[in-house]
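What follows is calculated from the coordinates using simple rules that are stated; it is not laboratory data. The shown structure was predicted, so the numbers you read here are calculated from the model rather than taken from an experiment. Ideal geometry is used to build each Cβ from the backbone, glycine not excepted, and the neighbour counts take in all protein chains shown.
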C-alpha cells in the first residue's frame, strides 16, 4: 500500500487513511497524557478487503511510536493487529 498516507485530524481526534486522494478509513482516538487510546477503526465498505485496515493500523501505530507515545488499544481491530504484529507490543500502555 505505497499509495496510502496517514493524516492526523486533530479536530476530529482521528487518524485518517488517504488513498488515491480520498479518505478510505479512520481510527478514532482520545489523547491522554503520554498515551493515545484508539477507540474505533473503520474502513469505508467499498474499500473493505483491500488491506486498508492493516495499513491504517500500521501507519497509526508507527505515528504513535514516532511521537514517543503509548497506545491503549480499546478497539478490537487494533488490539488484534498488535497481537499479530508483536513489533508493536512494546507500545501498549501498562494498565
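What are the residues in region 1-24 that are within 13 Å of the chain's Cα centre (by Cα) and at positive phi, if any? 13, the sole residue that qualifies. Test residue 46 against the criterion of being out of contact with any strand residue (DSSP E or B) (no Cβ under 6 Å at 6 or more places or on another chain), closer than 21 Å to residue 7 by Cβ and without any contact (Cβ under 8 Å) to a residue 12 or more places away in the chain, and give yes or no. Taking the combined requirement at face value, the residue satisfies it. Restricting attention to region 1-50, and to residues there that are in contact with a helix residue (DSSP H, G or I) (Cβ under 9 Å, 6 or more places away or on another chain) and in a loop (DSSP other than H, G, I, E, B), which single residue is nearest to residue 81 (Cα to Cα)? Here the answer is 1.
Residues are listed down the side, and each one gets a yes or a no for (1) over 9 Å from the mean Cα position of the chain (by Cα); (2) closer than 18 Å to residue 13 by Cβ:
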{"site": "38", "(1), (2)": "no, yes"}
{"site": "41", "(1), (2)": "no, yes"}
{"site": "45", "(1), (2)": "yes, no"}
{"site": "51", "(1), (2)": "yes, no"}
{"site": "61", "(1), (2)": "no, yes"}
{"site": "68", "(1), (2)": "yes, no"}
{"site": "71", "(1), (2)": "yes, yes"}
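Can we say residue 55 is touching a strand residue (DSSP E or B) at 6+ places or on another chain (Cβ under 6 Å), within 23 Å of residue 84 (Cβ to Cβ) and assigned to a strand (DSSP E or B)? No: the conditions fail for residue 55. Only residues that are under 15 Å from residue 28 (Cβ atoms) and either assigned to a strand (DSSP E or B) or in contact (Cβ under 8 Å) with a residue 24 or more places away in the chain (or both) were counted across region 67-80, and they come to 7.
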